[in-house]
Amino acid sequence: MKSLKKIFHELMSRYSDDRYITENIYKKLDENYSKVNKRPYHNWLHISDLLVFLEKYQSKIENKDDVLFSIFFHDVIYNTLKTDNEEKSAVFAQKYLSQINFPKERIDKIFEYIIATKTHQNTTQDSDLSYFLDFDLAILGSESSRYQNYTKEIRKEYSIYPDFMYKPGRKKVLIHFLEKPTIFKTNIFQELLEEKAKENLRWELDLLNG
């Protein structure tokens, strides 16, 4: 796969020939996603994983560029002390996409896509949004060793909180997903990852209850 910077520059070039704006936006993205010490999981590697899924399933996507922008911007603001990261990331995307020749209705759609990552709900029957949300949650259905490493990365992101505060919150998240009829929105991801995701979530829940 091409470098993340090259993918972003090619994406931006379809809507703006102002390299200063493109460089400025990428610099701001990089400043945030490169904070690996503060973001053991929500960093450039997470973005790269989503881009791999997008390439693999691009034939299923109606508007690839909207999903691409959503991927690049959806976790740009990430602070475990705050509960409005998705809203701030959506506003960030809105602010910078407004600087280029990008239709307002599509900016609004990307804004809503990013907001949707807060609850991972799709009430619009938008197929592209369903795939985007499934890409974002695919880690839940990864192989056991990768999932276990993911849980450690998430714990590091919340290291400011002691176990007696972290565990109840994390268990609430796990139970929320386990109680859903399906974790994934698309038939493809349900078939590929649903069973493994629930196995992983039950394993982590047992670990936290131990």
(1) farther than 27 Å from residue 60 by Cα; (2) exposed (fewer than 15 other Cβ atoms within 10 Å of the Cβ); (3) without any contact (Cβ under 8 Å) to a residue 12 or more places away in the chain: which one isn't true of residue 180, the others all being true? (1)
When (1) in contact (Cβ under 8 Å) with a residue 12 or more places away in the chain; (2) buried (at least 16 other Cβ atoms within 10 Å of the Cβ) are applied to residue 52, the one that fails is (2)
Of (1) farther than 24 Å from residue 193 by Cβ; (2) part of a helix (DSSP H, G or I); (3) touching a residue at least 12 places away in the same chain (Cβ under 8 Å), residue 105 fails just (3)
Quick count over segment 1-37, residues being outside any helix (DSSP H, G or I) and in contact (Cβ under 8 Å) with a residue 12 or more places away in the chain, is 5
Any residue at all in segment 132-144 that is within 20 Å of the chain's Cα centre (by Cα), within 18 Å of residue 38 (Cβ to Cβ) and surrounded by fewer than 18 Cβ atoms within 10 Å (Cβ to Cβ)? no
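Quick one: would you say residue 153 is surrounded by 13 or more Cβ atoms within 10 Å (Cβ to Cβ), closer than 18 Å to residue 203 by Cβ and under 19 Å from the mean Cα position of the chain (by Cα)? Reasoning before the result, please.
Numbers: surrounded by 13 or more Cβ atoms within 10 Å (Cβ to Cβ): yes; closer than 18 Å to residue 203 by Cβ: yes; under 19 Å from the mean Cα position of the chain (by Cα): yes.
Answer is yes for this residue.
Values in this text are rule-based calculations from the coordinates and carry no lab data. For clarity, every value in this text was computed on a predicted model and none was experimentally measured. All Cβ positions, glycine included, derive from the backbone under ideal geometry; neighbour counts span all protein chains shown.
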